[in-house]
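Laboratory data are not the source of any read-out in this text; all were calculated from the coordinates shown. Source: prediction; values computed, not measured. Cβ placement follows ideal geometry from the backbone for every residue including glycine, while neighbour counts extend to all protein chains displayed.
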C-alpha cells in the first residue's frame, strides 16, 4: 500500500447519468470532484443503442454518444475522471472517510457520492449477448417504442415483468410472456392485469432455449420444462425482466440497504445513514431506473454534498 494518501473534498464512485450529473454540479460548486468511473464507464447506457426518451434530443441519440457528451461536460468544469475502481471503503468514525482505489491507492474523502448503478440480470445464453442492442433489451420502457406494431417476447414472472408486458401490449401487436414456473411471482393485481390483456399470451413452465437471428432478433426457441416440447416464436424484440442487481456490495458493512442491495436514502434527499455519504441513480432507485431520473438524483446528491460541506464550515467557524 502506498504511503501517499490523497485528500479529496468530493469523491464520486461510478459514472453514468447520475455520476456525471453529480460531477457537473460538484465541479461548478468548486468541490474539485474526483470520479472513479468503474468497470463500465457510462453505465448501462453504454450498451443501449437509441435513446429517444431523454429531453433535449428530439432526433434521439445513441447511448454511448450521450454518455460521452456527459463525460465531456463534467470534464469541462474540472472533474478529475479516473478509469479505475473503488475496491474497499471504511465509513466508520467521522469524515474524512478512507477508501481504496484499485486495491493500492488510499483516498481520504470529506464527502462520497455513490453512483455505482445496477446491472440487469441476464439469462446467460450466447445469443442473448450477441443480439444485445439488436432486439434484445432489459428495459421495455426504454426500448419498447422501437417495436410498436410488432410481435415481441418478455421473460419474467414478477411485478416488473408484468408491468413491462402490460406496457408492451399497448404498443406491440402481440406479447409472449415466458414464465419459468407454473405461476407468477407478481402481485394478484398485476397478474390479473396481464391475464385480462387479450394480446398477451403467457407461456408457463417455459424457458428460452435460444434467441434466433444473425444481426437482429428474428425469433426465439422456447422449451416447455414439463413436456420438453420446443416451440418457435416469430418475434422482433426480446425483453429480459428477471431483475436488476445493484452494484453496492462493497458498502454492505456500513450503509443501510434493502434485502436486494438497493441503498436506502432519507426520503426527499440523497442522504444515506452515514453523514457525508450520498447515494443517487440506480444504486438506490429500484422503481424508475431511467436516465433522466438518475441524472436528477445525481444533481440532488451534489447539492446535498455541497450543503453538507458548507454546514461543516459554518460549525468550525463558530
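Using a Förster distance of 45 Å, how high is the FRET efficiency between residue 275 and residue 62, based on the Cβ-Cβ distance and rounded to 0.05? It would help to have the intermediate numbers written out before the result.
On the way: r = 39 Å, r/R0 = 0.87.
Here the calculated transfer efficiency is 0.70.
I'd like the antiparallel share, as a percent to the nearest 5, of DSSP beta bridges with both residues in the stretch 122-240. Mind showing how you got there, number by number?
Values: 10 of 26 bridges.
That works out to approximately 40 percent antiparallel.
Report, for the stretch 25-148, the % of DSSP beta bridges that are antiparallel, rounded to 5. Let's see the in-between values first.
Working: 11 of 15 bridges.
Of the beta bridges lying entirely in the stretch 25-148, close to 75 percent run antiparallel.
Say R0 is 35 Å: what FRET efficiency, to the nearest 0.05, do residue 287 and residue 230 get from their beta-carbon distance?
Details: r = 37 Å, r/R0 = 1.05.
Efficiency, rounded to the nearest 0.05: 0.45.
Once you put a point 7 Å from the Cα of residue 181 and another 7 Å from the Cα of residue 266, both along the Cβ direction, what distance in nm separates them?
3.9
Does anyone have the angle between helix 63-76 and the longest principal axis of the chain? Alpha-carbon axes, 0 to 90°, nearest 10?
10
Calculate, in nm to one decimal, what residue 134 and residue 98 gain on full extension: separation in residues at 0.36 nm each, minus their alpha carbon distance. Show your work: numbers first, answer last.
On the way: separation 36, 0.36 × 36 = 12.96 nm, distance 4.21 nm.
Net length gain for the segment: 8.7 nm.
Can you compute the FRET efficiency between residue 30 and residue 201 using 1/(1 + (r/R0)^6), with r the Cβ-Cβ distance and R0 = 45 Å? Round to the nearest 0.05.
Working from the Cβ atoms, E equals 0.20.
Fewest Cβ neighbours within 10 Å first, please rank 244, 7, 108 accordingly. Working shown, then result.
Working: 244 21, 7 9, 108 15.
Least to most surrounded, the residues fall as 7, 108, 244.
Contact order normalised by length for the stretch 253-317, with contacts defined as Cα pairs under 8 Å and 6 or more residues apart; what percent is it?
About 26 percent, as a whole number.
What is the list of residues in the stretch 108-131 whose amide nitrogen lies under 16 Å from a point 7 angstrom out from the Cα of residue 90, following Cα to Cβ?
Zone members listed by number: 108-110.
Quick one: work out the % antiparallel among DSSP beta bridges in the stretch 160-300, nearest 5.
Details: 12 of 16 bridges.
Counting DSSP beta bridges with both partners in the stretch 160-300, the antiparallel share is about 75 percent.
Relative contact order of the chain: what whole-number percent is it, with Cα pairs under 8 angstrom and at least 6 residues apart? The partial results should precede the final answer.
On the way: 720 pairs, mean separation 64.8, N = 318.
Dividing the mean separation by the residue count of the chain yields 20 percent.
If Rh is defined by the Kirkwood formula over all Cα pairs and Rg also comes from Cα, what ratio Rg/Rh do you get for the stretch 27-90? It would help to have the intermediate numbers written out before the result.
Values: Rg = 13.7 Å, Rh = 13.2 Å.
Checking Rg against Rh, the ratio lands at 1.04.
Under the Kirkwood approximation for Rh and a Cα-based Rg, what ratio Rg/Rh is obtained for the stretch 122-240?
Numbers: Rg = 13.0 Å, Rh = 13.9 Å.
That ratio is 0.93, to two decimals.
With an 8 Å cut-off on Cα pairs and a minimum separation of 6 or more residues, tell me the relative contact order of the stretch 122-240 in percent.
Result for the stretch 122-240 is 31 percent.
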